[in-house]
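Please treat every number below as a calculation from the coordinates, not as lab data. All values reported here derive from a predicted model rather than from experimental measurement. We place every Cβ from the backbone using ideal geometry, glycine too, and count neighbours over all the protein chains shown.
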């Protein structure tokens, strides 16, 4: 434990020293930096909270908008972006949360039960909705499920409310077992009474983060934390920012008003530098720095769930590479590809060395030293195969508590018998 804490503090000191010499551009700015050849040292990964603080004048996932009225909803976005909006609605992110009444898992499983230690858990349908309960040999307590977080591709956790606070259910649904088991992160919890057994209270900052990543528009500057205003799931405005000002500007332009390029009053994540881009996705999927700040509970195979963290630990990541950002392989507007062969073109585009330099998009502002190092580096061709590359170099890792496998985004040569690299 002492060694882990020492490492954590050493990393904090290193990040602080690097931050002092980092480029003056705020990483969250809506336009990518147009740094000159004499630009300052390359950007460093930041914890989500630090990113948001630096992005005071621009949008960032989980950051508060000014008012609830700034959010217009996907239907308004579809007026101009019908195809992208329609396809985004088919993604797992779009179904990251649902109110209990609209939750497919609850509808399809009218009764669920499980036992852990001295406690028995159950989810059942009632006339009022869905009830979640815990009981021992003498008593039972229950609560009405208000929200389901997770689209149940890997799992789904439930929220209930008591005395004005949200509680996370001790039990979650896992499709691999078609039933309930302990919620990830609760493995070490040993409740001593029914109240503790039922769920864990979430303080306001924690609840805001949960809603900030699973819903859209739950917290605003003028309205505060108001989950009743949340739109379930990650919508267009969760990543591009509230669209009220942008929609008004577009209406004006249709009336003949001139629009200056770069002033569309919406945020385009494609303009971010490579490190900021991965940190952008990491605001919900966990950045490298977020995981180190977590310390306990984030080591071992369980951290395979934190894809940005794993990606930034890859040997080929270095100090940021536009070819390895999340969006290079995953289109956030399209359903996730599960066929390993679907990613071969991405892998092979870099490993024929002649194409490396051409594959650093100009829109990603890499520091000159970073761009030069990646362009001059000669990637080796795989001597084993040229298909299904990710099946070997990004292996599936089993996370027992979730009864599921996750693709490990730490790109590497995996050798038989070697331990899982944290």
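Odds and ends about this structure:
- Mean sequence separation of contacting Cα pairs (under 8 Å, at least six apart), scaled by the length of the stretch 97-202, corresponds to a relative contact order of 22 percent.
- Separation of the residue 259 and residue 161 label points, Cα + 7 Å toward Cβ, nm: 3.8 nm
- Under the shape rule built on the C-alpha gyration tensor, where the axes satisfy a ≥ b ≥ c, the stretch 36-181 is prolate, since a/c reaches at least 1.5 and a/b is greater than b/c.
- The alpha carbon radius of gyration of the stretch 97-202, expressed as a multiple of 2.2 N^0.38 Å, is 0.97.
- Ordered by the number of other Cβ atoms lying within 10 Å of each residue's own Cβ, fewest first, 43, 168, 83, 53 fall into the sequence 83, 53, 168, 43.
- Separation of the residue 221 and residue 248 label points, Cα + 7 Å toward Cβ, nm: 1.4 nm
- Estimated from the Cβ-Cβ distance and a Förster radius of 51 angstrom, the FRET efficiency linking residue 99 and residue 413 is about 0.65.
- Separation of the residue 126 and residue 196 label points, Cα + 7 Å toward Cβ, nm: 2.5 nm
- The distance separating the Cα centre of the stretch 230-271 from that of the stretch 296-321 comes to 32 Å.
- Added length on full extension, which subtracts the Cα-Cα distance from 0.36 nm per residue, residue 141 to residue 315: 57.6 nm
- Distance from the C-alpha centroid of the stretch 44-87 to that of the stretch 338-353: 30 Å, rounded to the whole angstrom.
- You can think of it this way: the chain between residue 336 and residue 83 has 89.4 nm of extra reach, that is 0.36 nm per residue less the Cα-Cα gap.
- Sites residue 420 and residue 391, calculated FRET efficiency, Cβ-Cβ separation with R0 22 Å, nearest 0.05: 0.80
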